[in-house]
1. Give me the angle, in degrees from 0 to 90, between the Cα long axis of helix 300-310 and the longest principal axis of the Cα atoms of the chain, rounded to the nearest 10.
2. Helix-only mean residue ellipticity at 222 nm, the chain, DSSP H runs n ≥ 4 weighted -39,500 (n - 2.57), per residue, nearest 500. What is it?
3. Out of the range 269-357, which trypsin sites (Lys or Arg not before Pro) are coil in DSSP terms and have no more than 12 other C-beta atoms within 10 Å?
4. Quick one: grab the alpha carbon gyration tensor of the range 255-298, order the square roots of its eigenvalues as a ≥ b ≥ c, and give me rounded if a/c is under 1.5, else prolate or oblate depending on whether a/b is larger than b/c.
5. Quick check for you: with a 1.4 Å probe and neighbouring chains kept, what is the accessible area per residue of the chain, in Å²?
6. If a/c stays under 1.5 just call it rounded; otherwise compare a/b with b/c (prolate if a/b is bigger, oblate if not). Do that for the chain, with a ≥ b ≥ c from the square roots of the Cα gyration tensor eigenvalues.
7. Could you tell me how far the Cα centroid of the range 306-326 sits from the Cα centroid of the range 1-62, in Å?
8. For the range 153-243, what's the radius of gyration and Dmax over Cα atoms, in angstrom?
Amino acid sequence: MLYFLGNCQADFLSRALAKRGHDCTYRVQASPLTYPSHPGAIPDSLTELDRTVGLSDYLHGRELKNQFAPIGPEDPELIVLNLHHENTPLFVHNDEKYTFFMDPRSLNDHPEAMRWAQDNCRMFKPGPGGYLNRFDTMLRRTRSDFPEVPIIVLSRLSPFPAFGPDPFSYLDGWDTLYRNAAEILQGWAAALDNVHILDMDRVFGGIWAQSDQRIETHCPFLKIKITEENGDISGLYARRDIEHIGPMPDRLADKVAAFLQSGTITYNKSETVPPEWKHHWRIRKLGDNAIREKLASGANYLGAEAVASFFLDLDRDYTGFLVEAGEAMPVCHMTLHMIKAYSRIHKTPALADWCDAHLTKARTFTANGPLYREDYVNRVEAIRRSVTA
């Protein structure tokens with residue numbers, strides 16, 4: 001069994017290897033602090049709280065077994081850890097000293113949980129600067145508990161200037177931590193037996209060398225923050241999401257599959273950091289035909305690239321292109337985030353037609369489960385109400 005502990009990057013990698021016939025288990029993590037604080041078993045007091053109030057709705061997938069006993073019962077052949085982001089705030093038990101995550105909403109929804117937490121715990125938010133130290137503790141504990149099992153640590157993509165605007169990572173503080181991360185990760189490989197580093201910068205370098213070498217192609221999703229004053233847009237800030245790179249899971253799977261055969265991670269000549277990544281990002285606008293083709297393609301990344309291009313020319317209203325695409329556009333919460341932001345800038349009633357067409361597809365979307373579908377549909381309906389108000 002191959003175990004993958006982390007966030008979506010570990011998840012996507014596990015799925016890529018499962019398609020190749022490997023037995024894979026993915027366990028989403030809340031923080032590097034949880035497992036070392038009570039390794040191998042869920043604390044009895046937390047089990048009792050779960051039995052009393054039912055915590056699953058407040059864990060956001062970070063089930064208690066994922067937090068404290070993520071590996072087992074099958075014997076692991078390989079453990080893959082990625083530098084996952086942390087969920088906060090965390091709780092620490094005053095007497096038993098274990099750390100865990102649950103959504104604080106549970107305290108408001110369940111008086112029993114509120115009393116238990118007030119009597120036994122304190123909440124805290126770990127400082128971003130100490131993340132790699134926390135991960136070091138988790139890694140060393142994992143190495144100690146499973147001494148014979150090879151461990152791969154999957155790094156994160158560095159926020160190079162060419163990846164602008166202002167590359168975004170879900171790991172709080174990564175824009176600073178990355179500067180020393182490569183040295184620290186290599187230190188883990190040197191100090192700990194059978195620990196190996198899979199360098200995402202180098203893997204992406206190989207992907208880049210075989211592509212059109214445009215960051216928009218690989219990372220089209222923008223995180224948009226809009227500020228308003230008295231109903232008018234007063235500011236817009238865009239950051240590029242560099243965590244979701246389309247071909248990355250398969251390339252990483254190639255590396256892991258080769259590692260299972262050889263016990264080493266190797267790179268080819270093209271898998272290096274190209275010099276141009278250190279230059280600043282250059283804006284490249286799409287023409288109308290390219291926008292139409294990408295929106296009509298039905299592909300997540302192509303559609304997202306087209307929508308992201310709208311923000312490069314805010315004086316023009318591109319809403320009509322969305323309406324033309326209609327049901328062709330795929331269900332994607334990251335693209336929907338951009339469309340919601342765009343609808344606040346260009347409050348065009350015609351966008352309601354796109355919402356109607358897109359809702360037809362969203363209401364039958366099952367890939368991510370009913371809660372995802374319900375939330376997504378609600379968000380599209382909210383956009384519709386906003387532009388028709």
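The values are calculated or read from the model by the stated rules, or taken from the named source; none is laboratory data. All values derive from a computational prediction rather than experimental measurement. Glycine gets a Cβ as well: all are built from the backbone with ideal geometry, and neighbour counts include every protein chain shown. In case anyone asks, the SASA skips ligands and DNA or RNA and just uses the protein heavy atoms, side chains included. Shrake-Rupley method; radii C 1.70, N 1.55, O 1.52, S 1.80 Å.
1. So the helix axis and the longest Cα principal axis differ by about 50 degrees.
2. Value at 222 nm, helices only, nearest 500: -13500 deg cm²/dmol.
3. On the way: sites: LYS269, LYS278, ARG282, ARG284, LYS285, ARG292, LYS294, ARG316, LYS340, ARG344, LYS347; in loops: LYS269, ARG282, ARG284, LYS285, ARG316, LYS347.
Filter output for the range 269-357: LYS269, ARG282, ARG284, LYS285, ARG316.
4. Details: a/c = 5.66, a/b = 1.81, b/c = 3.12.
Because a/c hits 1.5 or more and a/b fails to exceed b/c, the range 255-298 counts as oblate.
5. 46 Å²
6. On the way: a/c = 1.90, a/b = 1.28, b/c = 1.48.
Note, shape of the chain comes out oblate.
7. 39 Å
8. Cα only, the range 153-243: 16.7, 60 Å (Rg, Dmax).
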